[in-house]
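A quick write-up on the structure given underneath.
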Amino acid sequence: MTLNEIESMARYLAREARASEPGIFKIYWFPNTEEVRLIELIEDVPATPSDDPRVYPFYFPANNAAGLPAPSGVALIRPDEFGKLELPPEWGRWELAMEISGD
Amino acid sequence: MSWKKAFIKQAVSDFDMWQRLGKTPPGHPPSADCHRLHYLQMATEKLSKGICAQDSHPPPQTHAMFVKLLKHLKQRPEIRDAMGYRDKSVQFVSNIDSLMDLAMKIERLAPSLAGEHGPNSEYPWHDPRTGRVIAPCEHSFSAFTPGNFAMSRMLKFLDRLFRLASDGRIAR
């Protein structure tokens, strides 16, 4: 898929996230042409255990009927964990994260 | 088999055990609540982990995954549609929000999250109020009785969710 198509789906998921969860502080997108990769910062989730300080996204398959043409991985972490946890290796570095509003 | 599929398969099997233990054959005493609840806690934890797992990498070890999963599921359009809430996103979110307190209680049935004095479905604990040591098999887990309104909503939700998992509509 093109990066534009992936970004469009990322924005759609970000909109859905903001509409359903008012506690979301920020949403970051990690650009990739194979899947949508998002990290949501939200206070109201359990802290990541200190003995396994990694980001574990929830992964879902593509679903064209629901307007989700690409697979996706979305992680929910606390705001103070941003930049500190280990990302899934294929996601690259934290510096690649782009804030996405979903507006 | 991939880690993801293995976790989801085991979660579905655990959920099946939760349901089976609720059907007592005539002439047999019902099993203690803790045993059923142990399977319910494991089923929800493993389903959450299965969705988190990658094909070639196992999921996290933590037991605190179910509440996080529900928070994420309410954002998913395909899950909303598949669970019968197409064009009813407000109701879908509201339904899941109403399940969060009970979801936390299910999550805390795991001994490591229940703490030293909290009821859990596996190991005896010390109740500091009464000074007694309590065995799970003699404890009435009142928040989880099927007659409880929140519990009946939770079970309806989980029944649909595990059916999706069983049909392979969650794992990619």
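The C-beta contact set for segment A:24-52 (first residue within 17 Å of residue A:89 (Cβ to Cβ) and facing chain B (nearest Cβ under 9 Å), second residue at pLDDT below 95 and not in a strand (DSSP E or B), distance under 7 angstrom, 6+ apart or interchain) comprises A:52/B:60; A:52/B:61; A:52/B:62. Residues that are within 19 Å of residue B:78 (Cα to Cα), of a type in the set (A, V, I, L, M, F, W, C) and surrounded by 15 or more Cβ atoms within 10 Å (Cβ to Cβ) are absent from segment B:133-156. Listed by position, the helices (runs of 4 or more DSSP H) inside segment B:26-86 whose residues that are closer than 25 Å to residue B:141 by Cβ number at least 3 are B:33-52, B:66-73.
Whenever a residue of segment B:145-165 is under 16 Å from residue B:104 (Cα atoms), it has no partner that is among the basic types (Lys, Arg) and surrounded by fewer than 20 Cβ atoms within 10 Å (Cβ to Cβ) lying with C-beta atoms less than 6 angstrom away and at least six residues away or across chains.
Checking each residue in segment B:37-67 for being crowded, with 24+ Cβ neighbours inside 10 Å, facing chain A (nearest Cβ under 7 Å) and out of contact with any His (no Cβ under 9 Å at 6 or more places or on another chain) picks out only B:52.
The set of residues in segment B:121-136 that are of a type outside the set (Gly, Ala, Ser) and without any contact (Cβ under 8 Å) to a residue 60 or more places away in the chain comprises B:123, B:124, B:125, B:126, B:127, B:128, B:129, B:130, B:132, B:133, B:134.
The values are calculated or read from the model by the stated rules, or taken from the named source; none is laboratory data. Computed from a predicted structure; not experimentally measured. Positions of Cβ are generated from backbone atoms using ideal geometry, with glycine treated the same way; all protein chains shown enter the neighbour counts.
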